[in-house]
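One structure is given below, encoded as structure tokens.
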Amino acid sequence: MGVEDQHLDVLQNIEFAIMQVYEANPDLIDTEVLKAIETLTRMYSAESQGKSGSALTIRGISAEVAAQVKEACEIRLGRATASDLDESIEPKTLTDIIDCLKRIQSSIKFWTQKGGRQGYLNFVQNFFQTQ
């Protein structure tokens, strides 16, 4: 069973967070999103190995994407403040979140190659209406 089958809800949460930044910044490009997702993948992977996850060392719009996606991941990990949590949602593991981030990375690379600088963003935008 693939990541999409097991964690479609988490993938949607992550992509919704990305779309919120894209909507506010229409000049966002796939490589900036990829940089944010790769940074978060490294951070959560380090944490899963018991190492201190280094602070986000990215700037600009990539940092904004990373912050939005991290917030979504933290909620799904059950770490958000009580007001942000839906008690009916079972928390995911670090491994689940890492798998989802890696799947998003793969999708970004595929759609960028297929559709250019905003290929991934334009593809995902077809599935979301954030307003």
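The values are calculated or read from the model by the stated rules, or taken from the named source; none is laboratory data. All values reported here derive from a predicted model rather than from experimental measurement. Neighbour counts are summed over all protein chains in view; Cβ atoms, including those assigned to glycine, are modelled from backbone coordinates with ideal geometry.
How many residues are surrounded by 14 or more Cβ atoms within 10 Å (Cβ to Cβ), more than 14 Å from the chain's Cα centre (by Cα) and touching a residue at least 24 places away in the same chain (Cβ under 8 Å) if we restrict to region 110-127?
Count: 6.
Within region 1-58, how many residues turn out to be over 25 Å from Gln125 (Cα atoms) and among the basic types (Lys, Arg)?
Qualifying residue count for the region: 2.
When you check Ala17 against the structure, is it buried (at least 20 other Cβ atoms within 10 Å of the Cβ), among the hydrophobic types (A, V, I, L, M, F, W, C) and farther than 15 Å from Phe128 by Cα, yes or no?
No, not satisfied.
Would you say Ser54 is small (Gly, Ala, Ser) and either at pLDDT 95 or above or closer than 24 Å to Phe128 by Cα (or both)?
No, not satisfied.
For region 72-121: of the residues being aliphatic (A, V, I, L, M) and part of a loop (DSSP other than H, G, I, E, B), which is modelled with the highest pLDDT?
By that ranking, first place goes to Leu77.
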